[in-house]
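Only one structure is covered here, and it is reproduced in the block below.
The values are calculated or read from the model by the stated rules, or taken from the named source; none is laboratory data. Quick caveat: nothing in here was measured; it's all calculated off a predicted structure. Here the Cβ positions follow ideal geometry from the backbone for every residue, glycine too, while neighbour counts run over all protein chains shown. Accessible surface areas use protein heavy atoms only, side chains included; no ligands, DNA or RNA. Shrake-Rupley method; radii C 1.70, N 1.55, O 1.52, S 1.80 Å.
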Amino acid sequence: MKTFNIKTMTAMASALLILSGCSDLDVDIKSQYTELPTTQQAVDAISGTIYTRTVAVGEGWFVLNNISSDVAVCVSMDGNWYDGGIYVRETLHQWTQEGDAGHLKGIWDDAFAGVVSCNSILAQLSEENQNGVLGAPIRCMRAYFYYFLTDNFGAVPLMEKFGDVPDARTSRSEVIKFCEKELLAVRDMLPSEANSTNYGKATRYVADALLAKIYLNWQVYMNDDVTLYEPTQANPKLNECIAVCDDIIKSNQFNLADSYKTKFMPDNGPQIKDFIFAVPFDHKLFQGNKVMRYWSYRNGHEQFSAVLGWMYPSNPGGLMRMNPEYADKFNLEGDERNQVVLRGEQNLYCIDGYETNLPFIKTTTKIDEDELYTGSDPDATIEHRVNFTREVYIRDGLSNGVAQLNVGNDLIGREMGYRSIKFFPDKNMTANDGHNQSQDAPVFRYADILLMKAEAILRGGTATNGNTPESLMNQIRSYVNAPQVTANPSLDDILDERAREFLDEPWRRNDLIRFGKFEAPTPFRTLYAQKELTEKFRRIFPIAKNTLETNASWGQNPGY
């Protein structure tokens with residue numbers, strides 16, 4: 001976190017009351033104040049809890065988005081990081097209402113706490129200010145939280161004012177229409193200049209970007225029975241998607257001037273003009289970005305910065321490995337995005353993100369290198385060059401390997417699978433920071449706007465301003481020094497470009513569902529989860545059991 005200051009505030013009791021199912025919610029919140037907030041400064045002073053709740057796209061969602069899609073698999077290592085099977089089930093599309101409450105309930109609770117915070121602040125404003133400039137950012141952020149809720153869970157309880165506790169969930173289509181209505185109502189009242197003072201907060205362009213996501217996925221959301229959506233269904237909102245993309249483009253406030261690697265380094269922030277909206281993380285003050293904890297090699301603390309005297313403060317988890325087919329998409333000659341995928345024999349890295357020419361060597365023994373070694377000298381010392389392999393092999397017979405996606409806990413097992421280094425380790429982390437990094441996590445980017453417009457045109461929308469899918473995609477290719485496309489790309493080309501551009505960002509699951517490929521096999525689902533490949537109800541997640549126990553009338557999603 002850089003220039004955006006998250007104020008230290010006590011978590012709101014109202015959020016805890018709603019999330020725990022308590023019923024004492026009819027207290028007039030205005031009674032707490034002798035005078036209602038009437039200035040932007042006063043509203044800002046009570047709005048901190050809204051932006052602290054954007055952590056809903058933090059650690060849990062990062063993991064779930066990656067391994068429920070085609071990006072990665074989470075393995076265990078002779079029982080290490082098995083953790084009751086939560087990562088295995090999420091990789092194999094076998095999540096349940098009980099066993100996966102850790103990630104699912106965390107996303108639900110954080111997002112709903114954001115909704116409650118928004119409603120609480122709106123309740124402290126006069127009706128005129130609720131519907132005016134002062135209320136506009138709050139309503140925009142409420143739509144933001146509801147979008148993530150309904151995208152993940154389908155029908156959700158729609159709470160339009162403080163104290164609402166509906167007996168039933170509102171259908172996904174109606175929640176999306178509510179979000180659209182709210183965003184259209186406030187967008188002209190939101191700040192139209194994006195700068196360091198409103199970085200990480202609601203602006204006109206945050207509303208535009210969220211509307212673009214809603215419009216591009218319109219048919220996904222209009223099918224309240226998620227199993228009925230097909231990517232061939234006509235989308236009546238494509239021109240609306242193009243229009244809000246154009247509003248962002250013509251503002252001339254965003255660009256692709258920064259290099260790909262630079263914008264995801266620990267010192268990123270409002271200077272990155274690709275970022276339309278980002279969650280400002282800080283390794284001490286606002287925690288939740290732990291990307292490298294999962295992607296790093298289990299002994300990765302030795303790989304980063306050792307040549308300059310700083311070392312990653314503790315062992316990373318090392319359980320996330322890139323699916324081979326996804327890794328293969330990083331194959332364009334000269335593409336700077338290839339550099340964020342660690343593959344093959346490894347070198348040491350410096351704290352500024354640059355690879356050195358010093359090989360990453362570990363002094364070990366033959367049995368620690370390969371726990372299946374059967375020679376007569378298992379304890380013989382060897383010099384082992386760390387080497388990340390494309391393939392990930394499950395070791396049947398070791399700690400029930402099939403059930404645990406066990407790769408073994410020797411060096412061979414630890415080095416299976418390519419890794420992402422997009423969010424480079426933060427040199428300011430200490431052992432007390434729990435692997436938290438300071439990189440701000442982008443949610444909406446200008447690059448995404450260009451690719452969404454290209455996709456909307458390809459799907460039948462009307463091209464504007466001389467743009468074609470080819471010219472829009474080539475803006476992306478140009479800034480990463482990848483080969484230019486020479487004809488209009490196909491929809492599959494767009495999807496592959498999104499895979500390269502938005503690795504570790506919160507959109508891959510969303511993209512695959514829109515393209516009808518969320519159920520497509522990955523190597524491990526093919527082996528161990530054939531049944532789940534036909535279960536389209538898994539396009540949304542179940543509601544955690546303990547949430548339903550306090551709000552039984554809400555009911556579970558079909559199939560769970």
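Looking at Tyr418, Tyr373, which is the one that is among the aromatic types (Phe, Trp, Tyr) and either more than 27 Å from Gly85 (Cβ to Cβ) or free of Cβ contacts under 8 Å to residues at least 24 places away in the same chain (or both)?
Being among the aromatic types (Phe, Trp, Tyr) and either more than 27 Å from Gly85 (Cβ to Cβ) or free of Cβ contacts under 8 Å to residues at least 24 places away in the same chain (or both) holds for just one of Tyr418, Tyr373, which is Tyr373.
Here are some conditions: (1) at pLDDT 95 or above; (2) open to solvent by less than 10 Å² (accessible area, probe 1.4 Å); (3) part of a loop (DSSP other than H, G, I, E, B). Asp426 meets all but one. Which one does it not meet?
(1)
Where residues in the stretch 432-465 are polar (S, T, N, Q) and part of a loop (DSSP other than H, G, I, E, B), which of them is most open to solvent (accessible area, probe 1.4 Å)?
Checked the stretch 432-465; the qualifying residue most open to solvent (accessible area, probe 1.4 Å) is Asn465.
Just need a number here: residues in the stretch 235-257 that are open to solvent by less than 30 Å² (accessible area, probe 1.4 Å), farther than 13 Å from Ala454 by Cα and among the charged types (D, E, K, R).
Number of matching residues: 1.
State the number of residues belonging to the stretch 260-281 that are open to solvent by 20 Å² or more (accessible area, probe 1.4 Å), modelled with pLDDT under 95 and either in contact with a helix residue (DSSP H, G or I) (Cβ under 6 Å, 6 or more places away or on another chain) or not in a helix (DSSP H, G or I) (or both).
Total meeting the criteria: 4.
Failed condition for Leu125, given (1) closer than 23 Å to Gln556 by Cβ; (2) open to solvent by less than 10 Å² (accessible area, probe 1.4 Å); (3) touching a residue at least 40 places away in the same chain (Cβ under 8 Å); (4) not charged (D, E, K, R), with all others met?
(1)
Are any of the residues in the stretch 121-133 acidic (Asp, Glu), outside any loop (DSSP other than H, G, I, E, B) and over 17 Å from Ile540 (Cβ atoms)?
For the stretch 121-133, residues acidic (Asp, Glu), outside any loop (DSSP other than H, G, I, E, B) and over 17 Å from Ile540 (Cβ atoms): present.
Hey, can you tell me all the residues within the stretch 87-106 that are among the hydrophobic types (A, V, I, L, M, F, W, C), farther than 18 Å from Glu535 by Cα and crowded, with 22+ Cβ neighbours inside 10 Å?
Across the stretch 87-106, the qualifying residue is only Leu104.
I'd like to check which strands (runs of 3 or more DSSP E) are fully inside the stretch 333-417 and have at least 3 residues that are out of contact with any His (no Cβ under 9 Å at 6 or more places or on another chain), open to solvent by 40 Å² or more (accessible area, probe 1.4 Å) and at pLDDT 95 or above. Steps first, please.
Details: elements: 347-349, 355-359, 361-365, 381-385.
Fully inside the stretch 333-417 and qualifying: 381-385.
So, in the stretch 199-228, how many residues would count as being part of a loop (DSSP other than H, G, I, E, B), open to solvent by less than 10 Å² (accessible area, probe 1.4 Å) and either farther than 20 Å from Ala136 by Cβ or of a type in the set (Gly, Ala, Ser) (or both)?
So the count comes out to 3.
What number goes with the only condition from (1) touching a strand residue (DSSP E or B) at 6+ places or on another chain (Cβ under 9 Å); (2) more than 22 Å from Tyr294 (Cβ to Cβ); (3) open to solvent by 10 Å² or more (accessible area, probe 1.4 Å) that Thr468 does not pass?
For Thr468, the exception is condition (1).
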